[in-house]
Amino acid sequence: MQGSTVDNKSQIAIASEQEAEQGHGHHEHPDFRMVGLYIFLISDSMTFIGFFAALLIYRAIMPVWPPEGMPEFELLIPIINTAILVASSFVMHEGQKSLKQNDVGGLQKYFGITAAMGAVFLAGQVYEYSHAEFGLTTNLLASCFYVLTGFHGLHVLTGVLLILCVLWRSREEGHYSASSHFGVEAAEIYWHFVDVIWLVLFVLVYLINN
Amino acid sequence: MTLISLWYGQNHGLLPMAASNDAGEVDELFNFMMTIATGLFLLVEGVLVYSLFKFRRQKGDTTDGPPIEGNVPLEIVWTAIPTVIVFILSIYSFEIYNRMGGLDPMAAGDPGPQMMAHSHHHSELVALDTSQQNIALGLGISPESQQGINPLEIKVNGIQYAWVFTYPESGVISGEIHVPVNRPVALNMTAGDVIHAFWLPEFRIKQDVIPGRETNLVFTANQVGQYPVICAELCGAYHGGMKTQLYVQTEEEYAQWIQDNTFAMKESGESVAMNPVSNSDTEFLEPYAQDMGVDADTLAQLKP
Amino acid sequence: MSTTLERNAPISPPPPEQNEHPQRKWYEYFGFSTDHKVIGIQYLVTAFFFYFIGGALAEVMRTELSTPDPDFVQPEFYNQLLTMHGTIMLFLWIIPAGAAFANYLIPLMIGAEDMAFPRLNGVAFWMIPPGGILLMSSFFNGAPQAGWTSYPPLSLVSGKSGEEIWILSILILGTSSMLGAFNFVTTILLMRMPDMDIHSMPLFCWSMLATSGLIIIGTPVLGAALILLSFDLIAGTAFFNPAGGGDPIVYQHMFWFYSHPAVYIMILPFFGAISEILPVHARKPIFGYRAIAYSSLAISFLGLIVWAHHMFSSGTPGWLRMFFMATTMIIAVPTGIKVFSWCATIWGGKLSLNSAFIFAVGFLSSFLIGGLSGVMLASVPFDIHVHDTYFIVAHFHYVLFGGSVFGLFAAVYHWFPKMTGRMVNETLGQIHFVMTFIGFNITFLPMHQLGLQGMNRRIALYDPQFQFLNMVCTVGSYILALSTFPFIINIIWSLYKGEKAGRNPWRALTLEWQTASPPIIENFEEEPVLWAGPYDYGIDTESIDGDEDVEDMLAAVTSESQ
Ligand code: HEA
Ligand code: HEA
Ligand code: CUA
Ligand SMILES: [Cu+2]
């Protein structure tokens, strides 16, 4: 506001279109993407909380629960799946640790395993769906089951895709390093989030309704 | 200002007549709130209007006003006063609500929606399961009149776009509702299709009528007369036409009406007296009766 | 404080021509941009576009309601109109308009160059036109007709295709509003200029912080509800359908868990704008800065635990009704703090009665009525009588039109010079205000009485005894529609012919007035300087600045811009 001590030409040059398009101009601001990710996860968890709340209300107010004729949930596959998902979180963390030591190869190895574990999880779920004795519209609990696990499955799928993205990018020399690893970390945090949601889901859907 | 508020609070003339004791109490509550609101309204608007005239900027004056950034005692006052007001208001509302029977101890346990998936007949969609009668979503019997007289029970069924009333004692089915004066009436309500709401403006009571659940309303009329029954929840295109009449009658007239209708029903074996459209005197609806899809068949099906 | 630096900086002559600043080309406003100012204006213009559509629908409704019979439009079509009117006004007018000002003002007010995530910001905006067009398209195929609340089972059985389109478009618009909120929070919390601590940030930023919190927590739950509704509609599940064993009341809880906070999402940005506008035109500091700032947060917190007051006569047990009555009433306290503080701000000031200021006062006086009727509604025994009647319609138009829309107009008049570099025409602005204020009260005041007397809402046909008052409302609504024309003319005329505004026509202290009007592409020519608090009117800045007081600084700024 005190008038420019800088001359006009350089000003115009600085504020050139191109720079503006980049989203940040002459003063780099720190990287806020991680904060953005956390805020997003708060929102995302509210969606799940919405679904869980609906399920819990049904459970609380319905005169007959679980609904008549609803078979017990088969627990074998979900338990294996839970184990896989929890384990994958640790595997993934190893990947991140490797990167912190500038070991991109290690990153690729562990992230590859994680993605594979995620894929196995999804396959397990598909198997579960195809062998279930109830369909989407059989009754309320069945509907809740499909919608909740399905919505969570979409998150797992997204997570796997994110990991694959990281792997793809890591092929480029120096894209990720001990000092530059937003993508890696974001994918990992997201994966842990999906993992935690699964644990809650496992309790609220499978365990307490059996 | 206080005087104006007090006066306006009592003399706003905004409410229709009150046909029950509870309604009178609700009106008193409203008058009380109206008094407070008028006071606050005059206070704030007064300040605004006064400021607009008094503190206008003089032409050519470019100086600033006094740099007052706050005043803690004042701020405490205007935080405390509203707090006290809403506190009183909550207690008062609670009291009235309790007297109206809103906290009927029976109302504590809501058994939740009934499972209607199992009903095979359309008629059973109205899953009135009286064995589960330990609830009241809505207004129950007020604590004062709890003992003594047993209320007259009437079943209410809301369908697009009509009300059907069933008197379990006599088996009368009607499209309009008749009740004796000065005797508690308990409505057990449910809906056959979508959500409706049973509203008696002159009694200041309303309760949603929900498919798959039972809701209740208890009221005691204290004046003979004819009052509108209005559906107050959007239920489709002719929601505005879903009306009928409540007749509050003397004990004798009411007995007579029951008798006439029991008789009529036995005689024809058909549900003649129940087409709500022709019974209600909402003349302007006549041309739409067809669109409204309320025909004898629908009603006959609903007959238990 | 960087004022030590500042004090010695010589006041050098300003650049000869403002035009030398690089400016956005007109076509950039029609494409994907990452500049928060462009995006802000895109939001604002889009919102106004939908306002005119939503308003036109309201006029058709009012015309229908001038007589008791459904003669002007069919009842079914009437329900489509009211659903679309409500949805458009809320999701395509007020919420985007709030986001418009947030986008435009936040970075300027905190001395940043742009939002934290500019590209995300552009994406957020560009979800709105498709969402809006999608919603409109339902008119060709049977619009939704279950009200903006879309309660099942009605929404499951009437106008199915329209209903599904409605769900999709709300999901798109909701996502857009969430993306916006992510940006606002991050920007406000992390991108303030170094000297600005959170307590010297303009109150508008506080209110956007509170708003964004509500969006982040509330909107996903609406999303969940709509996804379940969608399954019921398309896949034949029965979450909310009693005919299949579900429960419609669960939907109501999920819906209102978002939609009650949503009403604060719609009012808080304008509370913020009012807090900016009043001090400037009253030439007095805001009264009780911290009280106002914290009450925004209090409102937003309380807003999350009152939702069932929309369900007092629905499937809500008695004791729950009492709980929600108490929490709802408490909201009067923080809101009262704001209202009283605003009154105290004008008290004893030097008021310029320009368009921005009188709209702000209009806001105060109408919002008050809506707020007082809101507290009455919170009282369960009374709400049982008036729930779903025209009393409710009156209440929410007083808060939404009398509150949000008046606040919005005040904001438009106040920041128009900043956005365009030109002043508005005061005469037209005042005509606009007078017509709006009169038309508004004629339209909505009688509705209180209608509701109390027994007229329920969402009806195309009503009892003939209500005809007179309805006629009054309809006439009022025509005045209201006409009142838009002075505004439109004013905006278009001022855009081309308005007096040049200069940097700081209002001699305001917040940072957005420290740059050119319209601001240059990256907002500030050099690091902006915090040489006074946002509302330090009439305060001798000696304490901060040694030898220059606000008057001198203002004089410098003003001369510079001419
Ligand atoms: C901008 C939007 C907005 C705002 C700000 C509000 C603000 C409030 N609203 Fe409103 N409301 C709506 C929009 C809004 N509302 C809408 C759209 C609906 C209908 C939805 C539908 O069904 O379609 C609705 C419906 C609605 C209902 C449900 C009615 C029903 O359907 O039966 C209730 C009930 O409690 C309610 C209450 C309140 C309260 C207590 C406030 C409070 O926040 C008001 C606080 C303000 C004040 C009180 C005034 C200033 C304070 C003072 C001067 C201090 C002193 C005051 C006292 C001590 C009383 N509102
Ligand atoms: C911000 C929100 C907002 C706003 C601004 C308005 C504005 C108006 N509303 Fe709205 N209204 C709602 C939100 C809003 N409404 C909601 C949420 C509902 C509930 C819906 C439901 O029940 O589901 C509702 C319901 C509602 C009803 C009740 C319907 C019913 O229950 O049966 C009525 C009835 O009178 C009404 C009337 C009006 C009128 C006359 C205006 C006027 O203020 C509008 C004035 C009009 C204009 C300013 C437009 C002028 C422009 C033109 C005429 C065209 C010019 C065109 C060009 C220049 C291109 N509204
Ligand atoms: Cu039934 Cu409205
Ligand atoms: Cu609310």
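The values are calculated or read from the model by the stated rules, or taken from the named source; none is laboratory data. Bear in mind the structure is a predicted one, so any value in this text is a computation, not a measurement. Here the Cβ is made from the backbone with ideal geometry for all residues, glycine too, and neighbour counts use every protein chain on show.
Conditions (1) more than 30 Å from C:A102 (Cα to Cα); (2) modelled with pLDDT under 95; (3) among the hydroxyl-bearing types (S, T, Y), marked per residue:
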| position | (1), (2), (3) |
| --- | --- |
| C:G407 | no, no, no |
| C:A411 | no, no, no |
| C:T420 | no, yes, yes |
| C:N425 | no, yes, no |
| C:I431 | no, no, no |
| C:V434 | no, no, no |
| C:F466 | yes, yes, no |
| C:G498 | no, yes, no |
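State the number of residues belonging to the stretch B:218-250 that are in a strand (DSSP E or B) and more than 20 Å from B:Y161 (Cα to Cα). Before you say what the answer is, go through the steps one by one.
The initial filter retains those residues of the stretch B:218-250 that are in a strand (DSSP E or B), namely B:218-221, B:225-231, B:243-249.
Narrowing further to those that are more than 20 Å from B:Y161 (Cα to Cα): B:218-221, B:225-226, B:248-249.
Number satisfying all stated conditions: 8.
Pairs meeting the criteria (first residue in the stretch B:172-197 and closer than 25 Å to B:A264 by Cβ, second residue assigned to a loop (DSSP other than H, G, I, E, B) and among the charged types (D, E, K, R), beta carbons under 9 Å, at least 6 apart or on different chains) are B:I173/B:K303; B:N188/B:E214; B:M189/B:E214.
Mind checking which residues of the stretch C:355-370 are within 16 Å of ligand 4 (Cβ to nearest atom) and either of a type in the set (A, V, I, L, M, F, W, C) or within 7 Å of chain B (Cβ to nearest Cβ) (or both)? Spell out the reasoning first.
Here is the first cut: in the stretch C:355-370, the ones within 16 Å of ligand 4 (Cβ to nearest atom) are C:367, C:370.
Matches in the stretch C:355-370: C:F367 only.
If you take the residues in the stretch C:139-149 that are surrounded by fewer than 24 Cβ atoms within 10 Å (Cβ to Cβ) and away from ligand 4 (no atom under 16 Å from the Cβ), which one is farthest from C:L57 (Cα to Cα)? Step through it out loud before you land on a result.
First pass over the stretch C:139-149, keeping only residues surrounded by fewer than 24 Cβ atoms within 10 Å (Cβ to Cβ): C:139-142, C:147-149.
From the residues that got through so far, the ones that are away from ligand 4 (no atom under 16 Å from the Cβ) too are C:139-142.
On the way: C:F139: 12, C:F140: 15, C:N141: 17, C:G142: 15 Å.
In this case the residue turns out to be C:N141.
Remark: pairs (first residue in the stretch C:378-397, more than 9 Å from chain B (Cβ to nearest Cβ); second residue within 16 Å of ligand 2 (Cβ to nearest atom) and polar (S, T, N, Q); Cβ separation under 7 Å; 6+ apart in sequence or on different chains) = C:A394/C:S373; C:H395/C:S373. Of all residues in the stretch C:335-354, those that are at positive phi and at the interface with chain B (Cβ under 7 Å from one of its Cβ atoms) have Cβ atoms under 9 Å from Cβ atoms of residues that are assigned to a helix (DSSP H, G or I) and among the hydroxyl-bearing types (S, T, Y), 6 or more apart or on another chain, in C:G348/B:S51.
Got at least one residue in the stretch C:114-125 being at positive phi and at pLDDT below 95? Reasoning before the result, please.
First, the residues of the stretch C:114-125 that are at positive phi: none.
No, every residue in the stretch C:114-125 fails to be at positive phi and at pLDDT below 95.
From the list C:L171, C:L179, which residue is surrounded by fewer than 21 Cβ atoms within 10 Å (Cβ to Cβ), among the aliphatic types (A, V, I, L, M) and within 14 Å of chain A (Cβ to nearest Cβ)?
On the way: C:L179 fails: surrounded by fewer than 21 Cβ atoms within 10 Å (Cβ to Cβ).
Testing whether each residue is surrounded by fewer than 21 Cβ atoms within 10 Å (Cβ to Cβ), among the aliphatic types (A, V, I, L, M) and within 14 Å of chain A (Cβ to nearest Cβ) leaves just C:L171.
On inspection, C:A508 does not qualify as buried (at least 19 other Cβ atoms within 10 Å of the Cβ), farther than 18 Å from C:L44 by Cα and within 16 Å of ligand 3 (Cβ to nearest atom). At least 3 residues being more than 7 Å from chain C (Cβ to nearest Cβ) and among the small types (G, A, S) is the threshold, and among the helices (runs of 4 or more DSSP H) wholly inside the stretch B:1-101 those reaching it are B:21-54.
Taken over the stretch B:191-218, the residue count meeting the criterion of being touching a Pro at 6+ places or on another chain (Cβ under 7 Å) and of a type outside the set (A, V, I, L, M, F, W, C) is 7. Annotation note: of A:Y176, A:Y127, the sole residue that is aromatic (F, W, Y), surrounded by fewer than 19 Cβ atoms within 10 Å (Cβ to Cβ) and touching a residue at least 24 places away in the same chain (Cβ under 8 Å) is A:Y127.
Only one of these is surrounded by 22 or more Cβ atoms within 10 Å (Cβ to Cβ), away from ligand 2 (no atom under 16 Å from the Cβ) and of a type outside the set (G, A, S): B:Q207, B:Q259, B:Q226. Name it. Give the steps one after another, and end with the answer.
On the way: B:Q259 fails: surrounded by 22 or more Cβ atoms within 10 Å (Cβ to Cβ); B:Q226 fails: surrounded by 22 or more Cβ atoms within 10 Å (Cβ to Cβ).
That would be B:Q207, the only listed residue that is surrounded by 22 or more Cβ atoms within 10 Å (Cβ to Cβ), away from ligand 2 (no atom under 16 Å from the Cβ) and of a type outside the set (G, A, S).
Restricting C:Y27, C:Y43 to those that are modelled with pLDDT of 90 or more and more than 10 Å from every other protein chain (Cβ to nearest Cβ) reduces the list to C:Y43.
All conditions in (1) more than 20 Å from the chain's Cα centre (by Cα); (2) near ligand 1 (Cβ under 10 Å from one of its atoms) hold for C:P381, with the sole exception of (2). One residue stands out in the stretch C:278-326 among those that are among the charged types (D, E, K, R) and buried (at least 22 other Cβ atoms within 10 Å of the Cβ): the one that is farthest from the other protein chains (Cβ to nearest Cβ), namely C:R321. Only one entry of A:G135, A:G174, A:G150 meets the criterion of being in a helix (DSSP H, G or I) and among the small types (G, A, S), and that entry is A:G150.
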